[in-house]
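K.L.:
The following block contains the structure, expressed as structure tokens.
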Amino acid sequence: MKCKGCGVELQTVDETGPGYISEKVLNERLSDGRPVLCKRCFSMKHYGRLDAENNLVHSLENLKAYLKTTGDILYVMDLSDFNGTFRGDILSLLTDHRVHYVLNKVDLLPLEVKIEEIKIWAIDMLKVPERRVRLASSLNGYGINSLYAYLKENGENYTAVGVTNVGKSSLLNALTRSSEITVSRFPGTTLEVTPQRLERAGITVYDTPGVFTSDRVSDLLSVSDQSVLLPRKKLERYTMQFHSERTVFAGGFVRIDAVNNSDPVGIFHLFMPESVSIHETNSSIADAQWDSWFGSFLKPPFTGSARSALTWKRERYSLKTGQELHVNGLGWINIAKGPVSLSVTLPESVRLTVRKGLVGPKKFKR
Ligand SMILES: Nc1nc2c(ncn2[C@@H]2O[C@H](COP(=O)(O)OP(=O)(O)OP(=O)(O)O)[C@@H](O)[C@H]2O)c(=O)[nH]1
Ligand SMILES: [Mg+2]
């Protein structure tokens, strides 16, 4: 028998292993006719707590096995981390399938950016036909009814695929109007493939465990720190001017320095989760203080770790008005008035992408 929340096989023997439920609770639940959840799902669902860090890290290899399951693919992404969740390595495994893109968490984007603009931008980024791209929020229900109708029209079986924490399980709960599958702020919540029946539509959507990545800022954090970084509300916007000899920190992991040149003073916006500390200072102070500020004044990281434990790189960019520099698993810099020359210092593993702006240059008043 499988856990209704995460799909893993239930067992009553190994208290620290996946799928554990005590024999007593199992028997009580079965005799009451209530859904049976493993201990881990129970505490995530009812207390928002992760009792045991799961040790099932799902990779592309696991995904290949799930792809044998059936049908079209629902490729689920997180709009607040577009480039971090739009993955060439996953998509290259999907070439034999028809892929429909669900851009989830649209509720996290600034109100000033209109839904239609987001859609046009996303289609341009994804380079796929418009009909294959759906915007959604599993949280506030945006786009769920039309996605339901779309799925009904286009097939009978789908597999929801994507990296951890993009909201695959939340999306399926929204579509089935239930809360049966466990969702949580911790990455790696779903442990096995579980079919979800959309009864009225006569279709089945398979939920799958998220693929773990290694090039997002969030990947440098412990599981509980990752849950803190995940935005709870719309991304925050910080508007700044770029002067030479000045440095901006986006948390402890990302240092942005204006490159001393003849550019006129540029203006940029940072879009980041509310838990990221943003701080502007003189570059000389930044040099002196970064180590001691890392993880205390500058978060993330939220719990003790040393800057010297990581390998760092520095990349230089010249950005024009309207362009953005996206930092995987964190947020992005939007150039409101360019050109801007900057250097970004960050951990070697984290990927940056220059992209056309999701946010138009004249969107915000200063
Ligand atoms: N703001 C917002 N948060 C969302 C949305 N959908 C999901 N979330 C949150 O994102 C987190 C992860 O959601 P899950 O549904 O567990 O994500 P998942 O992709 O199934 O994750 P794994 O099972 O770990 O692969 C939870 O805290 C959800 O509440 C959304 O549309 N908007
Ligand atoms: Mg899940």
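The values are calculated or read from the model by the stated rules, or taken from the named source; none is laboratory data. All of these numbers come straight from a predicted model, not from anything done at the bench. Virtual Cβ from ideal backbone geometry, glycine too; neighbours counted across all protein chains shown.
K.L.:
Exactly one condition in (1) surrounded by 18 or more Cβ atoms within 10 Å (Cβ to Cβ); (2) in contact with a Pro (Cβ under 8 Å, 6 or more places away or on another chain) is false for Leu358; which is it?
P.N.:
(2)
K.L.:
Moving on. Tell me, please, whether a residue that is part of a loop (DSSP other than H, G, I, E, B), of a type outside the set (Val, Ile, Thr), at pLDDT 95 or above and at positive phi can be found in the range 68-88.
P.N.:
no
K.L.:
Still on this model: Six or more apart or on different chains, Cβ atoms under 6 Å: show the pairs whose first residue is in the range 73-88 and farther than 8 Å from Val166 by Cβ and whose second is in a strand (DSSP E or B) and of a type in the set (Val, Ile, Thr).
P.N.:
Between residues of the range 73-88 that are farther than 8 Å from Val166 by Cβ and residues that are in a strand (DSSP E or B) and of a type in the set (Val, Ile, Thr), the close pairs are Ile73/Val99; Ile73/Thr159; Ile73/Val161; Leu74/Val102; Tyr75/Val99; Tyr75/Val161; Asn83/Thr353.
K.L.:
Can Ala174 be described as more than 18 Å from Asn62 (Cβ to Cβ) and more than 9 Å from ligand 1 (Cβ to nearest atom)?
P.N.:
No; evaluated as a whole, the condition is false for this residue.
K.L.:
Just to be sure I understand the filter: pairs with C-beta atoms under 7 Å, separated by 6 or more residues or on different chains, first member in the range 177-197 and more than 10 Å from ligand 1 (Cβ to nearest atom), second member among the small types (Gly, Ala, Ser). Which pairs pass?
P.N.:
Note: pairs meeting the criteria are Glu192/Gly7; Val193/Gly7; Thr194/Gly7.
K.L.:
Considering each of Asp219, Asp124, Asp207, Asp215 in turn, give the residue that is touching a residue at least 60 places away in the same chain (Cβ under 8 Å), touching a helix residue (DSSP H, G or I) at 6+ places or on another chain (Cβ under 9 Å) and more than 15 Å from ligand 1 (Cβ to nearest atom).
P.N.:
After ruling out the rest, the residue left standing is Asp215.
K.L.:
Restricting attention to the range 314-330, and to residues there that are part of a loop (DSSP other than H, G, I, E, B) and not polar (S, T, N, Q), which single residue is nearest to Lys299 (Cα to Cα)?
P.N.:
Among residues in the range 314-330 that are part of a loop (DSSP other than H, G, I, E, B) and not polar (S, T, N, Q), the one nearest to Lys299 (Cα to Cα) is Leu330.
K.L.:
Just checking, how many residues over the range 178-228 are assigned to a loop (DSSP other than H, G, I, E, B), among the hydroxyl-bearing types (Ser, Thr, Tyr) and within 18 Å of Arg87 (Cα to Cα)?
P.N.:
Residues flagged as assigned to a loop (DSSP other than H, G, I, E, B), among the hydroxyl-bearing types (Ser, Thr, Tyr) and within 18 Å of Arg87 (Cα to Cα) within the range 178-228 amount to 3.
K.L.:
I would also like to ask the following. Quick one: Gly329 ticks every box in (1) in contact with a helix residue (DSSP H, G or I) (Cβ under 6 Å, 6 or more places away or on another chain); (2) within 16 Å of Tyr238 (Cβ to Cβ) except a single one, so which number is it?
P.N.:
(2)
K.L.:
Residues in the range 286-303: is at least one at pLDDT below 95, out of contact with any helix residue (DSSP H, G or I) (no Cβ under 7 Å at 6 or more places or on another chain) and farther than 30 Å from Asp107 by Cα?
P.N.:
no
K.L.:
Within the range 134-149, count every residue that is surrounded by fewer than 17 Cβ atoms within 10 Å (Cβ to Cβ) and either farther than 20 Å from Leu111 by Cβ or at pLDDT below 95 (or both).
P.N.:
Selection size over the range 134-149: 3.
K.L.:
Of all residues in the range 276-313, count the ones that are assigned to a helix (DSSP H, G or I) and either among the charged types (D, E, K, R) or within 30 Å of Lys356 (Cβ to Cβ) (or both).
P.N.:
Residues in the range 276-313 being assigned to a helix (DSSP H, G or I) and either among the charged types (D, E, K, R) or within 30 Å of Lys356 (Cβ to Cβ) (or both): 5 in total.
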